[in-house]
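Accompanying notes for the structure given below.
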Amino acid sequence: MNYEIIVKVIWDTEAKVWVAQSDNIQGLITEAETMETLIQKLKIMIPELLEANSMMDQDFKRCIPFHIFGKRSETIDMAA
């Protein structure tokens, strides 16, 4: 199986967490307060979900690459 695992990450300003989801892996959605914590969670979840969704391939037994694309928006309060 030769495809890219794409994880989309956005910053939820209200909850103050990074939220990750993927169209490539059914059931992949998680959140964490820091990007580093989120990546560690993804390293656990991705192999588990690949196995659960019968997507585990021989190529993945050695290494599972994934790509994170993030978005964070901020505002500047000029009245402050």
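Read the figures in this text as sums done on the coordinates, not as results from a lab. Not measured: the values here are computed from a predicted model. Neighbour counts are summed over all protein chains in view; Cβ atoms, including those assigned to glycine, are modelled from backbone coordinates with ideal geometry.
State whether the residues of the stretch 29-44 include one that is assigned to a loop (DSSP other than H, G, I, E, B) and among the acidic types (Asp, Glu). Yes: the stretch 29-44 contains one or more residues that are assigned to a loop (DSSP other than H, G, I, E, B) and among the acidic types (Asp, Glu). Does any residue of the stretch 27-34 turn out to be among the hydroxyl-bearing types (Ser, Thr, Tyr) and loosely packed, with under 15 Cβ neighbours inside 10 Å? Scanning the stretch 27-34, I find at least one residue that is among the hydroxyl-bearing types (Ser, Thr, Tyr) and loosely packed, with under 15 Cβ neighbours inside 10 Å, so the answer is yes. For the stretch 29-80, the candidate set comprises residues that are hydroxyl-bearing (Ser, Thr, Tyr) and free of Cβ contacts under 8 Å to residues at least 24 places away in the same chain; within that set, the residue that is farthest from Ile10 (Cα to Cα) is Ser54. Whenever a residue of the stretch 15-26 is within 27 Å of Ser54 (Cα to Cα), its partners that are among the acidic types (Asp, Glu), lying with C-beta atoms within less than 6 angstrom and at least six residues away or across chains, give the pairs Val19/Asp12; Val19/Glu31. Scanning the stretch 1-28 for residues being within 15 Å of Arg72 (Cβ to Cβ), assigned to a loop (DSSP other than H, G, I, E, B) and in contact with a strand residue (DSSP E or B) (Cβ under 9 Å, 6 or more places away or on another chain) gives a total of 1. Applying the criterion of being in contact with a Leu (Cβ under 8 Å, 6 or more places away or on another chain) and not in a loop (DSSP other than H, G, I, E, B) to the residues of the stretch 45-67, the residue that is surrounded by the most Cβ atoms within 10 Å (Cβ to Cβ) is Ile46.
Considering every residue within the stretch 12-27, establish whether at least one is of a type in the set (Val, Ile, Thr) and out of contact with any helix residue (DSSP H, G or I) (no Cβ under 9 Å at 6 or more places or on another chain). Break it down stepwise before answering.
Filtering the stretch 12-27 for residues of a type in the set (Val, Ile, Thr) gives 13, 17, 19, 25.
Next cut, out of contact with any helix residue (DSSP H, G or I) (no Cβ under 9 Å at 6 or more places or on another chain) only: 13.
Within the stretch 12-27, one or more residues are of a type in the set (Val, Ile, Thr) and out of contact with any helix residue (DSSP H, G or I) (no Cβ under 9 Å at 6 or more places or on another chain).
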